[in-house]
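Q: Structure in structure tokens, see below.
The values are calculated or read from the model by the stated rules, or taken from the named source; none is laboratory data. Since the structure is predicted, the reported quantities are computational estimates derived from the model, not experimental observations. Cβ placement follows ideal geometry from the backbone for every residue including glycine, while neighbour counts extend to all protein chains displayed. Calculation scope for accessible area: heavy atoms of the full protein, side chains included, ligands and nucleic acids excluded. Shrake-Rupley method; radii C 1.70, N 1.55, O 1.52, S 1.80 Å.
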Amino acid sequence: MSVRARREQEKQERRESILDAAERVFFGKGIERSTMDDIAREAQLSRGLLYVYFRDKVAMLEAIMLRAAENLRCRFRELAASELTGGEQINAMGRAYYDFSLAQPDYFDLLTRAASEWPTLADGNDDTPLEVCSSEIMDIMTATIRRGLADGSLDPQRVNDPEQTAMYLRGALHGVIMLTRQPPSPSLPTGQSPADLVRYTLDMLGASLRRIPANG
């Protein structure tokens, strides 16, 4: 490895280490209450060195949001490359989204926050890494729905617009997942868990898209 390549690798490793520290501070203390001094102490670096890698706390937050989006994108890419039908893939993506909310709750919350705050953070720039990654996630879902229409696992009479359908599916499931993350709700049927509600939601969403057999 050349000296230049080694320096670039060390720089990238330090950048990731700073983000690791920022995650611990943000997720432990809260984003609004966290300061650059807090992150510098956690990373065991000078505050001045942090500014060599990130212009401010918002830049760190954007980078961690990108980490969260890349985590979800990897899950969807893997499913899109599977041998399942399009209908099965889109259902599996719904389960993967719920699993993501359980396994990475802080990342899930960040993506929820990004959805509402990103137009302000991005400052009108649609070509940022986070925007590109988020768009690809929706593109994967849209392509999967088109695959389901092509292989017959989804009904073209029920899916007029694959892109809008992808947005509808993610929005509907996201809303239900957010509901399950609230304190125990008396509206849930007796004996039903949040996971039961999510499974029911996935079944209902899937049923609304699937082709009905001719004899059915």
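Q: Solvent-accessible area per residue for the chain at a 1.4 Å probe radius, Å²? Mind dumping the intermediate values first?
A: Working: 12470 Å² over 216 residues.
Per-residue accessible area for the chain comes out at 58 Å².
Q: Taking only the alpha-carbon atoms of region 1-66, what semi-axes of the equivalent ellipsoid follow from 5 times the gyration tensor eigenvalues under a square root, in whole Å, largest first?
A: Its equivalent ellipsoid spans semi-axes of 23, 12, 10 Å.
Q: Here is a follow-up. Quick check for me: using +1 on Lys/Arg Cβ and -1 on Asp/Glu Cβ, what's the dipole size of the chain about its Cα centre, in debye to the nearest 20?
A: For the chain, the charge dipole is close to 320 debye.
Q: Right, another one. Using a Förster distance of 30 angstrom, determine the FRET efficiency expected from the C-beta separation of Q157 and D99, and round it to 0.05.
A: Efficiency, from the Cβ-Cβ distance: 0.45.
Q: Mind ranking 174-182, 106-114 by how tightly packed they are, going by the mean number of other C-beta atoms within 10 angstrom, highest first?
A: The peptides rank, most packed first, as 106-114, 174-182.
Q: Only one of the listed values, (i) 1.06; (ii) 1.21; (iii) 1.01, was derived from the coordinates as Cα Rg over 2.2 N^0.38 Å; which label is it?
A: It is the one labelled (ii).
Q: Specify which residue in the list M1, I64, V25 is farthest towards the positive end of the charge dipole of region 1-73, using unit charges on the beta carbon of Lys, Arg (+1) and Asp, Glu (-1), about the Cα centre.
A: So the residue we want is M1.
Q: State the percentage of accessible surface on region 41-195 attributable to carbon and sulfur atoms; use a 1.4 Å probe and exclude ligands, DNA and RNA.
A: After summing per-atom areas, the C and S share lands at 52 percent.
Q: Could you grab the relative contact order for region 1-145? Cα pairs under 8 Å, six or more apart, rounded to a whole percent.
A: Result for region 1-145 is 25 percent.
Q: Now for a separate question. Would you please give the FRET efficiency between Q44 and A5, computed as 1/(1 + (r/R0)^6) with r the Cβ-Cβ distance and R0 = 45 Å, to the nearest 0.05?
A: Values: r = 25 Å, r/R0 = 0.57.
Efficiency, from the Cβ-Cβ distance: 0.95.
Q: What angle do you read, to the nearest 10 degrees and between 0 and 90, between the alpha-carbon axis of helix 57-80 and the longest principal axis of the chain?
A: So the helix axis and the longest Cα principal axis differ by about 40 degrees.
Q: Continuing with this model, one more query. At 7 Å along the Cα-to-beta-carbon direction for both A150 and R14, put a label point, then send me their distance in nm to one decimal.
A: For A150 paired with R14, the spin-label model returns 4.7 nm.
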